[in-house]
Structures are given as structure tokens and as C-alpha cells.
Amino acid sequence: MKFLKSFLQFFFFIFVANFIFVANAVAQGGYAGAFLRMGIAARSEAMGRAYVAVVEGNESAFYNAASVAMLQRRELNLSFRPLTLDRNFAYIAIGLPIHPKADSAGRALNGGLSVSWIHAGVNNIDARDFDGEKYATLSNAENAFSLSFALQPHPRATIGLSVRVVMNRLNGVTQDESNLSSNTTGFDFGALIEPMDGVRLGAAARNVNLKYSWNTQEVYERGTTNFDRFPRAFRAGIAISRPWSWLTLAADYERRVATTRNKNRFIDATWHVGAIANLRDFVQLRLGLNDGQPTFGGGYAFGLLGRKSELHYAFVTHPESLDSDHVFGWAFVF
């Protein structure tokens, strides 16, 4: 009961604080890379995406590349989110900690590596002419492939880099019903610091240099080349797991900036807060607020093929009465 009381008190605090301090977000419609702003996996979604200073699973690398140097286990992570309107979203990643043997002076430069794939798509899009008659069925798919690498130059500090390749493909939209596609490469930078035991500070810059280049000469009679830049995201946060090691509290602040006509334009600022409680080493409970929207979920660990597996779930709400999301995840430790 003491645990439950503390957990509920914290959730009430972050719920009230979020509405006091968070500013109203500006709509992000029209900006490229929306699928990278949906969140990715069950663990981070259940914690309201307060993950820049949290090291738990491969999805940590998405929010902060420096986290992979602090991974303690090799893990395969799968996540799926069923969506309405013929949309789909999936995530797969593998994380490998690199812990070399210490030299004669007792020093070792730890590191980590994570590879991930994010897929988002929509099918069964009706293409209609000016008379409203259907003449084709279209689809769209976006994929992001990321390679994250981090080093731990100091026992209490890590730095990391992610290289991300994003591909966007529109099927059957040109005059000869072929595909229109665009690819781009960008970078994430991150850092983690542990000023004291049980306290971790994180900061990250994401989506640097990402932009789509579209050549529409095959689509329109007077087509041209257009550029759609991804908003850059700058995030800072804290994760605290003291005085109780079984309870971790986290809070993030994110600011997004877009570049238009060589000028930076502020889009929005968001708050993310969350908590995770570990019970008896095989059950986890999570609560969070994703910019004011409640989230919650849990995890269950069990043995499979002589290895540890974990099932994770997150329930994610959205503003303006949009349908809520159910996010399912599986982690296999090897």
C-alpha cells in the first residue's frame, strides 16, 4: 500500500504540474517526418515519452543516442501499433552493449551499438478524378533506418551519435502510374551525465539535416523540385531513482524548430513526464503524461528458450477525442 500511495501521489503531481507549466502546442500539420513524432515502442509510450534520460531497452536510442553505452544486456525489441484508417506502424531494433576488458590500470572505454527500423504506412487511398470517379488505389510508406553508437569516456558520462536514413514512397502517383520517392540522411546527437547515484541528466538534438527532396515533373505538367525539411527537436530531461531503487521518475522538455527560407521558426514546446515501478523483478507498471495526455502500461518478464523475454503494453490517449492507441511490444534478451 505504501508503494501504491507513493506512485499515485507522483502521478497526481505530474498531472497538475503539466497543466500549470506547459504551453499550448502549435499544430504540426504540413511538416515532414510526422511518423517520427508518433513515438515508437510500448515502454517509452507508457511513460509519456519521458525518455531522454532513461536507459531501458533499445527505444532509449531513439530519444538519446548516448543511452546505448549504458545498456546492460543484448536485446531484440519488436513493437506494433494498430491504427485506424488503414494505417500501420511497426518498430524493430537490436541493441548490443560493448564492455571490453579493463586494462592493467583498471580502465575500460565502454560503448554500445543499436540498429533499428521504423515503418509507417497507409493503404487503400482512393484516387478520384474531377468527376469524383475512382481511377486508382494509392498507398504511402515511410521507413527510417537508424544506426546508433555511443561511448562512455567517463564512468558517469556518455556521448552518442545516430545516423538515420529516411525513405518516403508514394505508389502510383505519376502520370505513368509509377512511384514517386525521396530519401534523406540525418543525424542525432546525445549526451548523458550521472552527477550522483540514482540521478541521470540527458540532452539530445534530433533530426539534424533531414529533408525530403521531391521532383514532381513526372506528376504535374509543370512540375518542379521541392524540399520538405524535418523539424529539428532539442530535448533535455532528468531521471531519478532515489531514494527507492524500484521507482524511477522522469521528466523531459522538448522544443521543435523548423527552417523555412533559411530562417528558423519555432513550432512548439512540449513536456513529458513518467514513472516506472519494478515489482518483484518480473512485473513493471508505468504511468505518464505526453504533453498533457495520460498514458499508462505495464510489462511482464518470463523465460523463453532458456532466455529472458518481456511483454510490454501501452495505452496512449490523444487530444481532440481522437481514437486512443494500443501499443504492443516484445523484448528478447540474448
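Read the figures in this text as sums done on the coordinates, not as results from a lab. Nothing here was measured: the structure is a model prediction, and the numbers come from that model. Note that each Cβ is placed from the backbone with ideal geometry, even for glycine, and that neighbours are counted across all protein chains shown.
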Q | In sequence order, calculated HN-Hα J values of segment 273-279 (Karplus, 6.51, -1.76, 1.60; Hz; x Gly/Pro) | A | 9, x, 8, 9, 10, 9, 10
Q.
Show me, for segment 291-298, the HN-Hα J-couplings you get by feeding each phi into the Karplus relation (A = 6.51, B = -1.76, C = 1.60, θ = phi - 60°), rounded to Hz, glycine and proline as x.
A. 6, x, 9, x, 9, 7, x, x
Q: Grab the other residues whose beta carbon is less than 14 angstrom from that of L113, score K and R as +1, D and E as -1, and report the net.
A: +1
Q) What residues have an amide H closer than 5 Å to that of L113, excluding those fewer than 5 places away on the same chain, when H is modeled at 1.01 Å from N in the peptide plane? A) L96, I98
Q.
To make sure I understand, if each residue's beta carbon is the centre and we count other beta carbons within 10 Å, what order do H318, H119, H99 fall in, fewest to most?
A. H318, H99, H119
Q) Expressed in nm to one decimal, what extension gain is obtained for the pair I193 and T216 from 0.36 nm per residue of sequence separation less their Cα-Cα distance? A) 3.7 nm
Q. Tell me, what HN-Hα J-couplings in whole Hz come from the Karplus equation 6.51 cos²θ - 1.76 cosθ + 1.60 at θ = phi - 60° for each residue of segment 182-190, using x for Gly and Pro?
A. 8, 10, 8, 10, x, 9, 10, 10, x
Q | Estimated FRET transfer efficiency (R73, T260; beta-carbon r; R0 51 Å; 0.05) | A | 0.75
Q | Positive minus negative residues near F234 (Lys, Arg vs Asp, Glu; Cβ under 9 Å) | A | +4
